[in-house]
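Engineer: Mind having a look at this structure? Questions to follow.
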Amino acid sequence: MSATLFFLLLHATACVDEQEIGKVHGGLVFMEMTVPGLEIPTVTRSMEGNKGEAVVKTIDLLIFDKSAPARLIQHLEVKNFSQNESGDDYKIEFKLDLLKDENVGSVVLVANAAREVKAALPDNPVDTEKQDFLEELVFKTSAGKDGSYKWNVSEPGYTPIPMYGETSVSGITPGMSITGVELIRMLARIDVENKVSSDVFNLQEIYLVNYHTAGFIAPAWNESDGVLLKESDEKYPYSRNLDPRIPGAAGKPDATQDAAMKYTYMQEAGSAGPLLAGEIYVYEEPKAGSVAGVCLILKGIYQGTEYYYRVNFTSDKTDPGSGSGVKTGDDVPLYRNHKYIVTVTAAEGIGYTTFDQALRSASVLSNLKTSILIVDMTGIKNIVYDGQYFMGTEGKMVDIPWSVDKLLNHRVSSDYYGDWKAEVIDSMTTGWLKFANDYASEKGTDINSGFKLDLKKVASPWVGNDYVSGKIVFTAGRLRDTMIVRRVAMADMFARSNIVLSSGKLTFAVTEEDNNTIPANSQGVFCKWGSLFMFAPAGIPYDPVKHIVYYPPETSVGNWGGGLAGWDLVPYAHDNFSFDTPPLTGDNMDAFREYEDEAGFNASEGIGDICRYISSKEGWVEGKWRLPTYQELGLLYDETPTKPQLPAGGDFANVTTDYNLHADNHRDGKSLLNSGLQLGARASGSIALDRDKKTPPSGTVYLPVSGHRYPNGDGDVVHIGAYGYYWSSTPYDGITVNYPLLYRKGLEFYDADRSYAFPIRCIRDY
């Protein structure tokens with residue numbers, strides 16, 4: 001079951017610091033947050049069994065400005081809210097009666113830690129620097145009646161898990177929506193299962209030792225400015241097996257049996273034991289490194305005698321190449337929002353007769369064999385459950401263009417740690433779909449490694465009126481799930497509109513429903529190639545103060561001035577800004593694929609793939625996107641059956657003068673253009689219908705002729721309504737980049753200097 005929390009914040013029900021936001025009274029600002037995780041049925045009476053891992057009992061909202069480091073403008077404490085079940089995800093929604101302020105740069109939300117937020121702020125909190133606040137934002141556990149610091153999971157009265165989320169904004173505007181903020185739990189979870197029959201080894205007690213009694217509520221951040229670290233940052237711990245930061249004031253009880261967290265394990269005679277789930281929670285911990293590090297001590301009866309065994313947290317496998325460098329047997333940290341499933345797989349001999357002896361031992365030499373499955377609880381959905389084990393995938397359907405060959409990695413997570421197999425259904429009719437071994441079936445010993453698919457081109461994306469599709473079934477133990485691979489038109493891989501500015505965020509239409517608010521013929525905002533600075537698509541003479549409508553909060557608009565000299569100071573992917581163009585490898589080259597450790601952008605420099613940048617921001621768009629390659633734009637054109645003549649809409653009249661006269665009405669890129677071209681496998685005829693300009697049918701994409709800003713004109717706008725230009729991710733050489741030129745009679749491909757500013761049409765990163 002899923003839950004949605006609805007909050008209504010009014011002035012009468014909030015504790016608000018005296019500093020007000022701006023001077024203009026605004027309307028209600030809508031906010032939506034999500035709580036990620038693997039919510040799996042359980043037989044244990046823990047807070048997990050009552051969805052306690054996703055429960056929110058308090059919300060604190062903190063608004064920071066755009067400075068570096070960011071400074072606190074306002075703190076809001078939500079007092080009244082209700083909880084209801086609705087939808088498929090855990091969502092938190094509320095509305096704020098705020099005042100307008102263009103200086104707001106980020107919004108921070110802290111759940112289930114109202115006391116801790118208050119303690120982290122000084123008496124006069126306005127202007128508190130963000131990094132100072134995060135350093136003080138610590139949750140501490142007090143000792144219980146047994147002297148240990150176990151997290152309270154008892155029903156009723158469990159302690160909800162503190163969570164942290166934030167998002168960047170470009171000001172607060174009346175009526176704006178701030179959506180998709182992901183709340184991350186600050187705790188790690190440890191589940192334990194004994195798969196050995198109790199006749200051989202009867203597990204009775206589990207002890208967690210050498211743990212800390214406090215942790216930071218926020219995930220890793222840059223200590224100099226409070227900016228949360230991203231996966232592309234060298235110090236980002238969660239994908240590099242680096243130690244998390246531990247508060248200096250975090251206590252660490254004595255390494256004794258009395259101070260350890262003790263959990264009882266019940267095992268029936270003559271059978272393996274159950275999964276102890278949702279009972280053991282712990283703050284982030286560094287790698288053990290020595291006998292003084294965090295570990296489990298398992299107490300049980302082996303062949304009639306009581307023994308103790310030490311279990312360290314180590315990796316069960318060697319990193320396949322994601323960058324962590326972890327090898328089998330390496331110590332691993334305990335990270336927030338991760339689940340560590342410890343499974344006893346075999347008992348091969350005696351342990352130690354005392355707790356202290358086991359604690360001083362090395363688990364690698366233990367006669368008790370264990371495996372540890374580590375699951376990042378973010379991003380895995382589509383759960384199947386057999387009453388004992390779960391299996392989750394990133395998605396049950398994958399779309400791949402019909403006209404390309406593709407090697408595809410499919411991610412799977414499960415707490416079943418045995419053999420698995422997968423096979424293509426109806427392999428005789430879907431010969432284009434095989435596994436990487438070149439067969440229609442595959443098997444292995446750990447489904448968590450995922451599986452690799454090898455997809456070949458097909459003759460057409462259609463079988464009658466349906467997509468060409470292939471089905472794969474994969475099983476692990478009693479768990480069974482399926483996925484469908486659809487071969488779709490290249491047009492269906494493209495976004496359904498250009499990038500626009502909405503409520504301080506960059507976004508674009510992804511679904512037909514999105515086209516109701518962002519039609520496909522929206523003009524869009526402009527950017528140089530490889531720039532994260534976005535320009536208004538109208539207004540002359542060019543002025544960076546007026547016409548740069550978005551830039552990353554980590555950057556700022558300098559005293560650049562107008563003219564060509566000022567235009568050249570706006571960052572973009574050029575060697576003048578320390579961007580090294582990769583070696584040219586052909587029409588399918590993506591110049592940003594490996595940039596900044598595959599993040600594709602560097603927000604602090606304002607350089608990179610704007611589509612990847614938008615994808616990285618929580619709640620801006622759904623899914624992963626990037627700039628299209630020159631080859632993909634060519635395939636879009638090639639699959640259009642009417643080429644070289646393309647279905648056209650409008651008269652292609654140049655409306656630049658009118659747009660420049662009323663530039664303030666067009667600065668967000670949402671103005672609708674009458675003229676443009678329709679492309680795609682299902683484009684037909686010579687005229688693009690008005691309804692198709694706003695909501696293109698499946699198998700087509702509509703591109704308005706939006707014009708551009710150009711350096712030789714000192715950044716001025718030209719050709720609105722007459723010509724269209726769209727960036728690819730593929731350089732032509734060290735200076736220019738390939739792009740399509742749209743005009744009344746059709747489309748041709750050219751190359752342009754990188755300092756031009758074009759609109760952007762993103763493509764799914766498949």
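The values are calculated or read from the model by the stated rules, or taken from the named source; none is laboratory data. Computed from a predicted model, the values in this text were never measured in an experiment. Here the Cβ is made from the backbone with ideal geometry for all residues, glycine too, and neighbour counts use every protein chain on show.
Engineer: Does segment 195-247 hold any residues that are of a type in the set (Lys, Arg) and in contact (Cβ under 8 Å) with a residue 24 or more places away in the chain, and which are they? If you could, list the steps in order and put the result at the bottom.
Structural biologist: Quick first cut of segment 195-247, residues of a type in the set (Lys, Arg) only: 195, 230, 235, 240, 245.
Matches in segment 195-247: Lys195, Lys230, Arg240, Arg245.
Engineer: Just for segment 497-508: of the residues that are surrounded by fewer than 23 Cβ atoms within 10 Å (Cβ to Cβ) and modelled with pLDDT of 95 or more, which one is farthest from Asn665 (Cα to Cα)?
Structural biologist: Step one: list which residues in segment 497-508 are surrounded by fewer than 23 Cβ atoms within 10 Å (Cβ to Cβ), which gives 501-505, 507.
Remaining after also requiring modelled with pLDDT of 95 or more: 501, 507.
Details: Leu501: 13, Thr507: 18 Å.
Applying the filter and picking the extreme gives Thr507.
Engineer: Still on this model: Glu605: modelled with pLDDT of 95 or more and surrounded by fewer than 22 Cβ atoms within 10 Å (Cβ to Cβ), yes or no?
Structural biologist: Details: modelled with pLDDT of 95 or more: yes; surrounded by fewer than 22 Cβ atoms within 10 Å (Cβ to Cβ): yes.
Yes.
Engineer: Please determine, by comparing only the residues of segment 648-701 that are more than 30 Å from Trp462 (Cα to Cα) and hydroxyl-bearing (Ser, Thr, Tyr), which one is nearest to the chain's Cα centre (by Cα).
Structural biologist: Result: Ser671.
Engineer: Tell me which residues, restricted to segment 168-190, are buried (at least 22 other Cβ atoms within 10 Å of the Cβ) and of a type in the set (D, E, K, R).
Structural biologist: Within segment 168-190, Arg185, Arg189 meet the criteria.
Engineer: Quick one: would you say Phe435 is at pLDDT below 95, within 18 Å of Asp399 (Cα to Cα) and not basic (Lys, Arg)?
Structural biologist: no
Engineer: Give, as residue ranges, the strands (runs of 3 or more DSSP E) completely inside segment 440-548 that count at least 3 residues that are charged (D, E, K, R) and in contact (Cβ under 8 Å) with a residue 40 or more places away in the chain.
Structural biologist: Values: elements: 441-444, 451-455, 466-476, 479-488, 500-502, 505-507.
In segment 440-548, 479-488 are the strands (runs of 3 or more DSSP E) which contain 3 or more residues that are charged (D, E, K, R) and in contact (Cβ under 8 Å) with a residue 40 or more places away in the chain.
Engineer: Please work out which residue is farthest from Pro219 (Cα to Cα), limiting yourself to segment 156-167 and to residues that are out of contact with any helix residue (DSSP H, G or I) (no Cβ under 8 Å at 6 or more places or on another chain) and surrounded by fewer than 21 Cβ atoms within 10 Å (Cβ to Cβ).
Structural biologist: Keep residues of segment 156-167 that are out of contact with any helix residue (DSSP H, G or I) (no Cβ under 8 Å at 6 or more places or on another chain), which gives 156-157, 159, 163-167.
Still in the list and also surrounded by fewer than 21 Cβ atoms within 10 Å (Cβ to Cβ): 156-157, 159.
Values: Pro156: 29, Gly157: 26, Thr159: 20 Å.
That would be Pro156.
Engineer: In segment 393-406, which residues are surrounded by fewer than 17 Cβ atoms within 10 Å (Cβ to Cβ) and modelled with pLDDT under 95?
Structural biologist: Residues of segment 393-406 that are surrounded by fewer than 17 Cβ atoms within 10 Å (Cβ to Cβ), as a first pass: 394-397, 405-406.
Across segment 393-406, the qualifying residues are Glu394, Gly395, Lys396, Met397.
Engineer: Here's something else I'd like to know. With the requirement that a residue be modelled with pLDDT under 60 and part of a strand (DSSP E or B), what does segment 71-87 give you? Break it down into steps so the answer makes sense when it comes.
Structural biologist: We begin by selecting, within segment 71-87, every residue modelled with pLDDT under 60; these are 81-87.
Once the filter is applied, which keeps residues that are modelled with pLDDT under 60 and part of a strand (DSSP E or B), segment 71-87 yields Phe81, Ser82, Gln83, Asn84.
Engineer: Does segment 181-201 contain any residue that is hydroxyl-bearing (Ser, Thr, Tyr) and not assigned by TED's automatic domain parsing to the domain that holds Gly52? Lay out the reasoning, then the answer.
Structural biologist: Start the filter on segment 181-201 by keeping residues that are hydroxyl-bearing (Ser, Thr, Tyr), which leaves 197-198.
Narrowing further to those that are not assigned by TED's automatic domain parsing to the domain that holds Gly52: 197-198.
Yes, segment 181-201 contains at least one residue that is hydroxyl-bearing (Ser, Thr, Tyr) and not assigned by TED's automatic domain parsing to the domain that holds Gly52.
For (1) assigned by TED's automatic domain parsing to the domain that holds Gly180; (2) free of Cβ contacts under 8 Å to residues at least 60 places away in the same chain; (3) closer than 30 Å to Arg240 by Cβ, each residue gets a yes or a no:
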| site | (1), (2), (3) |
| --- | --- |
| Pro571 | no, yes, yes |
| Lys617 | no, no, yes |
| Trp620 | no, no, yes |
| Lys624 | no, no, yes |
| Leu627 | no, no, yes |
| Thr642 | no, yes, no |
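One line per residue, one yes/no per condition, for (1) in a loop (DSSP other than H, G, I, E, B); (2) modelled with pLDDT of 95 or more; (3) closer than 29 Å to Glu306 by Cα:
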position: Ile190; (1), (2), (3): no, yes, yes
position: Asp199; (1), (2), (3): yes, yes, yes
position: Gly215; (1), (2), (3): no, yes, no
position: Pro219; (1), (2), (3): yes, yes, no
position: Glu223; (1), (2), (3): yes, yes, no
position: Pro244; (1), (2), (3): yes, yes, no
position: Gly248; (1), (2), (3): yes, no, no
